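Single-structure report; data block below.
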Amino acid sequence: MSASRSFLVRLFYGVSILLVLLWVSFVVAIVDAGRRDQAGSADAIIVLGAAQYEGRPSPVLKARLDHAASLWTRGLAPRMIVTGGQGVGDTTSEAAVGKRYLVQRGVPADSISMDTEGLTTSQSMVAARRVLGTKSYPSVLIVSDPFHMLRLAILARRLHMIPLLSPTRTSPISTRPVQQLRYVMAESIKAPYAMVVGSN
């Protein structure tokens, strides 16, 4: 083997090992972020949307909303932002379903803002930042599933918000190890992408 080819082989293996280690570090960071609860006083609570069924929150969305409602009753923020647009074939948006459910749980309707356009996590976070107006670095208490927390923190910081992470512990995803692993693996690609590309 020539010296130049030997160098290229070593370089290939070196880069490959580096990429694997980087990927593993993101997996560890995703799991760690999902285990922590940073609930504290904030300017707003942001609830990430999930599926709704004919106006009723799915079990995943219900778990997020129930957790957000409990944070609200603790007086941790003066306003709530629910996110999630209207999917193909749906008659309403995830945000509208979320707001209706939270009102039933005792959160005042005039304290809840909606993002009804966001169809992705990035779009929803951009919309939530827009709702918060021009205030510099508002603190936001973010509610979603544990696997989602790291990417949400990355997006929040890129959008000039201070994230406080508070994952729900009652989502059905958290009780299904295989499904949870699948989401963590997906986030191990999405989180680095969000770090590099941001909310575009």
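Here, each number is a calculation from the coordinates, and none is a lab measurement. Everything quoted here is computed from the prediction, not taken from an experiment. Note: ideal-geometry Cβ built from the backbone for every residue, glycine included; neighbour counts use all protein chains shown.
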>> Order these by the 10 Å Cβ neighbour count, fewest first: Met80, Met114.
In response: Met114, Met80
> For Glu117, Glu187, what's the fewest-to-most ordering of other Cβ within 10 Å of each Cβ?
Replying inline: Glu117, Glu187
>> For Ile162, what residues show an amide H to amide H distance below 5 Å, using hydrogens built from the backbone and excluding near sequence neighbours?
In response: Ser139, Val140
>> Antiparallel versus total DSSP beta bridges in the chain: what percent is that, nearest 5?
In response: 10 percent
>> Between helix 121-131 and the chain, what is the angle of the helix's C-alpha long axis to the longest principal axis, kept within 0 to 90° and rounded to the nearest 10?
In response: 50 degrees
> Tally Lys and Arg at +1 and Asp and Glu at -1 over the other residues with C-beta under 15 Å from the C-beta of Ile189: what net charge comes out?
Replying inline: +2
>> Between 0 and 90 degrees, rounded to the nearest ten: what's the tilt of helix 94-104 against the longest Cα principal axis of the chain?
In response: 40 degrees
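About the Cα centre of the chain, what is the dipole size in debye to 20, counting +1 per Lys and Arg Cβ and -1 per Asp and Glu Cβ, all else neutral?
380 debye
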> For the chain, what does the alpha-carbon gyration tensor say about shape, rounded, prolate or oblate, given a ≥ b ≥ c as the root eigenvalues, a/c under 1.5 as rounded, and a/b over b/c as prolate?
Replying inline: prolate
> Pulled fully out, how much extra length does the chain show between Asp90 and Val15, if you take 0.36 nm times their separation in residues and subtract their Cα-Cα distance?
Replying inline: 22.4 nm
>> Counting just the Cα atoms, what span does the range 14-124 cover along each of its three principal axes? Round to the nearest Å and put the largest first.
In response: 55, 37, 22
>> With +1 assigned to the C-beta of every Lys and Arg and -1 to the C-beta of every Asp and Glu, and no other charges, what is the dipole magnitude of the range 141-191 about the Cα centre in debye, to the nearest 20?
In response: 80 debye
> Can you tell me the Rg and Dmax of the range 80-172, counting just the alpha carbons, in angstroms?
Replying inline: 13.2, 38
>> Tell me the volume per residue, in Å³, of the convex hull enclosing the alpha carbons of the range 111-159.
In response: 89 Å³
> How much net charge surrounds Leu155 when only the other residues with a Cβ under 14 Å from the Cβ of Leu155 are counted, with Lys and Arg +1 and Asp and Glu -1?
Replying inline: +4
> In the chain, with Lys and Arg counted as +1 and Asp and Glu as -1 at Cβ, which of these residues, Ser144, Ala191, Ala68, has the Cα nearest the positive end of the dipole, that is, farthest along it?
Replying inline: Ala191
> Amide H to amide H, which residues 5 or more places from Ile45 or on other chains are under 5 Å from it, using H placed in the peptide plane?
Replying inline: Arg79, Met80, Ile81, Leu141
> Could you give the angle, 0 to 90 degrees to the nearest 10, between helix 149-158's Cα long axis and the longest principal axis of the Cα atoms of the chain?
Replying inline: 90 degrees
>> Only Cα pairs within less than 10 Å get springs; with that Gaussian network setup on the chain, which residue of Gly14, Gly106, Gly34 has the largest fluctuation?
In response: Gly14
> Given Val103, Ile173, Ile81, which one lies farthest toward the positive end of the charge dipole of the range 32-197, if we put +1 on the Cβ of every Lys and Arg and -1 on the Cβ of every Asp and Glu?
Replying inline: Ile173
> Fewest to most neighbouring Cβ within 10 Å: what's the order for Arg56, Arg79?
Replying inline: Arg56, Arg79
